[in-house]
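For reference, the structure is listed below as structure tokens.
Any read-out appearing in this document is the output of simple, stated calculations on the displayed coordinates, not a laboratory observation. Bear in mind that the values here come from a model prediction, so they are computed numbers and not experimental data. Cβ coordinates were reconstructed from backbone atoms using ideal geometry, including for glycine residues, and neighbour counts include every protein chain displayed.
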Amino acid sequence: MSAPAPSGPAWSRWVGRALAHGLWNTRIDGRSHVPAHGPVIVAANHTGIVDGPLLLGTAPRPLHILVKQEMFHGPVGVVLRAAGQIPVDRESGRAALHSAREVLERGDAVGIFPEGNRGSGTVESGRAGVAWLALHTGAPVVPCAVLGTRRTGEGPGHVPGPRRRLLVSFGAPTTVERAPGTSGRAALHDANEQLRRALAEHVRATVSSSGTALPEDR
């Protein structure tokens, strides 16, 4: 699998912006935390089906977001590929990670949901893909809290109604390195836990400061 074209088409970001500010009432905090140039990974929590388009429309830079492979079928798949998004096989995400690495090595930005699946969004666990990318490219990781897209009692496939208040908050970037004398496996484990904690703490702080709750069910 080759990396998608640089930057991604502008129209996809405008669609995301139209959803964020036209259909929904979205507040964006911390955009200045996202580096304006060079490789960067935006790692977000994940509760609902619209998190991807919302992240695409609110990030200050074009993002190539890793999206589960099952979404790349039919008309939706055509749109996702045209928008420069990256399909990921959740059983073996190696091809997607290598495509994302190519994106970062040419200086562009990648979006990823480390939890892998839509859930409560508390980031109690995280897959190691974001850590692998950060260690192999040196790209900083910006934690991002996405709140309000799903409330308690709404299913993971729920689409928020018009003018619902949503919040996307970007936090301070984190950089991970492999310590001298550390095995690759240990370095990956340590980096993954460091990044998971950074994202979980940012989500908790954003929930506390904004009063926007995460869903209490999964």
Residues of the stretch 74-124 classified as hydroxyl-bearing (S, T, Y), within 24 Å of E193 (Cβ to Cβ) and either touching a Phe, Trp or Tyr at 6+ places or on another chain (Cβ under 6 Å) or surrounded by 13 or more Cβ atoms within 10 Å (Cβ to Cβ) (or both), total: 2
Set A134, A172, A145: member being out of contact with any Phe, Trp or Tyr (no Cβ under 6 Å at 6 or more places or on another chain) and over 14 Å from V203 (Cβ atoms): A134
Failed item, numbered, when L55 is tested on (1) in contact with a strand residue (DSSP E or B) (Cβ under 9 Å, 6 or more places away or on another chain); (2) outside any helix (DSSP H, G or I); (3) under 26 Å from R163 (Cβ atoms): (2)
Extreme residue, surrounded by the fewest Cβ atoms within 10 Å (Cβ to Cβ), among residues of the stretch 133-164 that are within 12 Å of T47 (Cβ to Cβ) and of a type in the set (D, E, K, R): E154
Of all residues making up the stretch 26-52, the number that are over 14 Å from the mean Cα position of the chain (by Cα), assigned to a strand (DSSP E or B) and not hydroxyl-bearing (S, T, Y): 3
Residues of the stretch 165-203 classified as touching a residue at least 12 places away in the same chain (Cβ under 8 Å), surrounded by fewer than 22 Cβ atoms within 10 Å (Cβ to Cβ) and basic (K, R), total: 2
Failed item in (1) in a loop (DSSP other than H, G, I, E, B); (2) of a type in the set (S, T, N, Q); (3) under 19 Å from L133 (Cα atoms), with S99 passing the rest: (1)
Conditions (1) touching a strand residue (DSSP E or B) at 6+ places or on another chain (Cβ under 7 Å); (2) farther than 26 Å from T152 by Cα: number failed by S32: (1)
